[in-house]
Structure formats: C-alpha cells, structure tokens
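One structure is given below, encoded as structure tokens.
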Amino acid sequence: KKHKILYDMAAHARGLAAAAAREPDEPEAMRRGDRLIELPNGEIILRPYGVADQETQVIELDLKVREETGPIVLRMPQLRVLVGANADQDTSGLQLEELMADIDKIYAAKIVADTEAEWIGAPRRELLDFVVEYYLDGSGLMSIAEKKVCSILDLIRCLERRRALPPKVALFARFLEFCEYDKSLPLPMLSMVLQAKRHAQAALMRFRAAHESERNMSSKSSTKGPVKRSGTMSVAAAAGASSRGTRTSFSVAEPPSSAAPADPNQEPMIDAATAYEAGLKALPSMSHGLRELFMGIAKASEIDGQDVRRSTREFYVLMSILQARMQSDQAWPLRDLVHRAEKREAVTQDEFRDAVRMSGVLEVDDIVWRAKLSPTGGTQGPGQISGELLLDSLGGGAAARLPPVCIAESPFLSAVAEAVSADFTARADRLKVLWERRVQERAAADTIGEDDEIDQIDPLGPLGFTDVCAVMISADPELPIAFVRTVFCAAVEASRACMQSENSDRPPLIGTTRPSLNGLYGGEVVTFKMLLVAARRHRLLHIDMLREANVGSHAMGMTGTMRTHGSDGGTMRSPRSAAAARTGRARK
C-alpha cells in the first residue's frame, strides 16, 4: 500500500511538472530551466519561474524615472532611510510660518548643543540627526519626531516645485543637504555660520545691556537733559532705526518689550558693521571669502527704510564698518587721514585705499568709494580724495549724518555661508589644476592619436581611485593614504546619493548604484565636484594648510581634529582636543 501511495504521488508530481512545462511533451524542460530544484534536505520545490524568467525582473531603481535634464540633487543615506521608513505616513499639513519659526529655534538649540558637545569632548551632530532629536524632546516619541522631519522635507519639495522657496528655508535645506549637490553645506560649514550668528548675538546682547544701563542713568538724571551717546555708531544706528519707527528689533534672543517687533514673524535686524565683524570672526584667517561677505551684506542691507541704488548701499555699508573700527581704535591709518583732511592737506586715492586695507577691511573694490569721495568735476586734484567729502563721511559728527544700515538675520547668515563656500572653493584651486592635468593625461593615454576626442573630454570629469590618490598626494605629499581612502569613499557615497528624478522626494533606499547616462554621478563616478562634496564633509577646508594639521588616521575621521586658523589668531581644534586643553589648564 505504501508503494501505491508513493507511486501516485510521483505520478501527480510528474503531471504538475508536465503541465507547468513550456513543452508539455517534454517534462524535463523545467529541469533545464531550473524550475524544479531539490533542496539539501531532500525537499523538491517547483519554482514559479526559471532562469530566463528571472532575468526579466526589475529592481526598485529600474522603476524610477531616469530624467537627466533637471538639476542633480543630493539625498544622503540617513535622509533616504528616514524618508523610506515614513513612506506610508501622511506628512502633509505643515505650514510655512510654522517652519520659519522652528528654524530659528533649531539654530538656537544647535548652538547650545554644539557648545555642550565641545565642552564634554563629543563630536557635533549632523543637522538632520539633530533636528530629529530636537523634535524628540517635544514629542517624546521617535516616530512622531521622524514624521515631523519628513513633513519639513515634503514642504521644501512643494515650495521648490512652485518656485516659491524663501531664502531662509533654502539656506536651511542646504544645511540639511536636501538640495543640489554642489550647493550643500555640511556640518563644518554650518558650524562656521552658527559661529557668526553667535558672535552677532553676543555683540547685540552687550549693546542691549549698555543701552539699558544708559537708559537707567538717563532716567535718574532727567533734570540734566538727555544723555549724549559717545559709543560706536555700528549698533547705535540700528537702535536709531527703531526709534524712528522703521524695522524695530535688532536683538537676537528675547528682545526687551520696548524693542519687540510688531510682527512676531519679523526677523531680528543686525547693523551692517556688527554683521561684518561677526562674519569676519567666523571665517578663517586670510580668508578668500571676504569679498563675498561684504557684497552679501551690502546687497541685503536696508538703509533706514530707503530704496537706494546698489552703489549707494555699498558705500553706506563701507562707511558704517569704517566708522565702527575708528571708534574702537582699529583704524588708526584712517584717523590720520581725517586729521590731515582737517588741516586741508591733500589725501590721495592710493593713501585712502591703503588705509582701508590696513584698517582690516580687505577685498573691497575701489568703485565702492571712488565715485563718492572723488566725484568727477570736484575741487580735488587728479587722483585725490575730496577733503570735504572725507570729513563728511568719517570726520567729527559723521555718525549722526550716516543713515542707519541694518540687515536681517537670514540674509546675514546667507552672506556668511556664501563667504565660507567661496573661501573653500578658492583654497581648492591647486587641487583643481592637478585634477585637470590628470584627466588630460588619462585621456591622452586612452585615446592615442585621437585629438578630437581629447578636446571633448570634461577637464573636471571622473577619475578612478588610483588617479584620485595621485592627485591628492600631489597636492600634499604628507597626506596619509588612510585619509585619502576615507575622502574617496565619501565621494562615492555622495555620487550614489545624487539623482535627477522628479521622484527625488521618494529616493531609492540603495541610492543610485548605476552610473548616470551623462556620467556625472552614480555608481563609482567621482568627479571633481563630488570630491569637493566629500572634502567639505570631512573638514578638508584648507588644502594648502594640511601640513599644520593633525593628520593621524584617527584624527582625520568624522570627529575630526584638523586645526584651521581662526581669525583671532588661535586655532579651531576638535572638541576632544579643546576639552583636553581645558583639563590641562585646570590642573595647572
């Protein structure tokens, strides 16, 4: 009876195999197609597909629309995991006003968290991870915090499609690296921008304390008349704008009731001189981004509520900065020129240019002040400065004659961000030259005797690992190979994080694992711009100063102990080294 049962089972299985075969008369066809397989435990399985059928199947990346005409956007792995985990959630409903208010709170909390991390020697958190932790404090649930962050990303994408992305939100998206890949501002650059915000906040808080003290003194001695201010014009000008009913608040944190703006969504205002000094302190010494810092502040400044031309705005900003430096005894060459003008002595344009540079205001074009101080048809001689106009702009009482020059906080942070990016790009010029040379050499070796093809090759096109190592070591022979490997791997990760699809708000979890048709990203494509993205993330901000850095294999990791010279003459060390230094001083 057992034999009968087994025989029937075998016949039934043979019948199933014959019915599933492509050629019913040949049941062995499914064996040739690997449909009928035997597992190691003896179990026989009839698969619903064969090898040929398996080749026709697709993966997630194949279902995405491969559009390669739009901008190349960046979606880093942490962001892809976060979006993928909340793909089935409804993340709509966030209002722009709510996001604008949260951005200010996130910046303030990030400054506090970075200070605490530096104190205990812990690495600083990426902004995306910190935003999740920020909302975790308020909600108490990780799922709610992640959903909130996804709603921010959806709102940013919605505003981008409508081309209605406010500059404040656009800058926040660049810090999140939720933008075009060559516009991303990773953690090291965010730290510099927040440092500038912290310097501006400290200066305005000092002025607020001095202003409150002065008001108290004025109220006690009201019979003696108003108290005359003899301080700097830089912040006092901003207060003057408030008293005249224009943009009111210039404080950053908890402004007094007398200076509170009528509109709760109105941004804090910072005077131009304070903004320039704060940005200057945040940038590295001998920075190449001073021109962008000055032009960014001048472009977004408001001149006492007036709509003035660009040239006039730049001149007022420059005069505001110079007056503040003269009041703080940082511009003695300009003071000497003013004394000479008071004695009716001639002052040349070259002398004024040198005095401005010696006063610490660098990279300012002569066109900013020449038309105002040396007007055509004036009484001054050729190549000279008008003494009357110089005294009117920088002499006694000039602070009262100059209109208040202020800038909102978001444009100020954007100006600092552009200055940081320009400084990094300028410092990478040598690496760029070596990269172009290497691409040309590789192209010449691969296309011998085909000059037309060599001319069509992108000089900043992709290179392999060996060529990237050669380029970076040529830029600095003392660069450790371990760090080169780290930067290259980060460049590959950034390349796979890029895409041009309209569905980039739902990126594939694995990234772009195949090279794009245009050869600019995906797979292991590492172009020069991809290398810069990785260099920014790994604190390679000063390629020509690597010999002064701590370039140990652990030091050049994500925590980073690379030192870069600050504008105050010190060094920007890692949190761990800073904590060790404080411990050493405490022991002494």
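The values are calculated or read from the model by the stated rules, or taken from the named source; none is laboratory data. None of the values given here were measured: they were computed from a predicted structure. Glycine gets a Cβ as well: all are built from the backbone with ideal geometry, and neighbour counts include every protein chain shown. Side chains included, ligands, DNA and RNA excluded: accessible areas come from the protein's heavy atoms. Shrake-Rupley method; radii C 1.70, N 1.55, O 1.52, S 1.80 Å.
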task = Provide the gained length on full extension for the span E43 to R344, in nm with one decimal, where the gain is 0.36 nm per separating residue minus the Cα-Cα distance.
result = 97.7 nm
task = Could you calculate the contour length gain from E180 to A122, that is, 0.36 nm times the residue separation minus the distance between their Cα atoms, to one decimal place in nm?
result = 17.9 nm
ask   = Over the range 272-382, what percent of the accessible surface lies on carbon and sulfur atoms, probe 1.4 Å?
value = 48
note = Non-local residues with an amide H under 5 Å from the amide H of A497, with H modelled 1.01 Å from N and Pro and chain starts lacking one, are T512
note = Here the FRET efficiency for A482 versus A85, based on Cβ atoms and R0 = 25 Å and rounded to 0.05, is 0.15
message = How much accessible area per residue does the range 288-403 have, counting only protein heavy atoms and a probe of 1.4 Å, in square angstrom?
response = 51
query = Within the range 297-353, which trypsin sites (Lys or Arg not before Pro) sit in a loop by DSSP and count at most 16 neighbouring Cβ atoms inside 10 Å?
reply = R309, K343, R344
remark   = Scalar couplings 3J(HN,Hα) for the range 275-285 by Karplus 6.51 cos²θ - 1.76 cosθ + 1.60 (θ = phi - 60°), nearest whole Hz, x for Gly and Pro, are 5, 5, 5, 5, x, 5, 5, 6, 6, x, 5
note = Measure of exposure for M9: accessible area at 1.4 Å probe, Å² rounded to 10, is 120
request  = Could you tell me the accessible area of I367 in Å² (1.4 Å probe, neighbours in place), rounded to the nearest ten?
outcome  = 130
Residue-wise HN-Hα coupling along the range 140-156, computed from phi with Karplus coefficients 6.51, -1.76, 1.60 (Hz; x: Gly, Pro) = x, 10, 5, 5, 5, 5, 5, 5, 5, 5, 5, 5, 5, 5, 5, 5, 4
ask   = Using the Cα gyration tensor of the range 347-398, with a ≥ b ≥ c the square roots of its eigenvalues, what is the shape: rounded (a/c below 1.5), prolate (a/b larger than b/c) or oblate (neither)?
value = oblate
query = Residue farthest toward the positive end of the dipole of the range 267-352, with Cβ of Lys/Arg at +1 and Asp/Glu at -1: which of I270, W332, A300?
reply = W332
key: Separation in nanometres of the label points that stand 7 Å from Cα toward Cβ, at T376 and D336   = 3.3
ask   = In debye, nearest 20: dipole of the range 126-216 around its Cα centre with unit charges on the Cβ of K, R (+) and D, E (-)?
value = 460
request  = Taking H placed 1.01 Å from N in the peptide plane, check which residues at least 5 places from G523 or on another chain put their amide H under 5 Å from its amide H.
outcome  = T513, R514
note = For N518, other-chain or 5+-apart residues with amide H closer than 5 Å (H placed, Pro excluded) are none
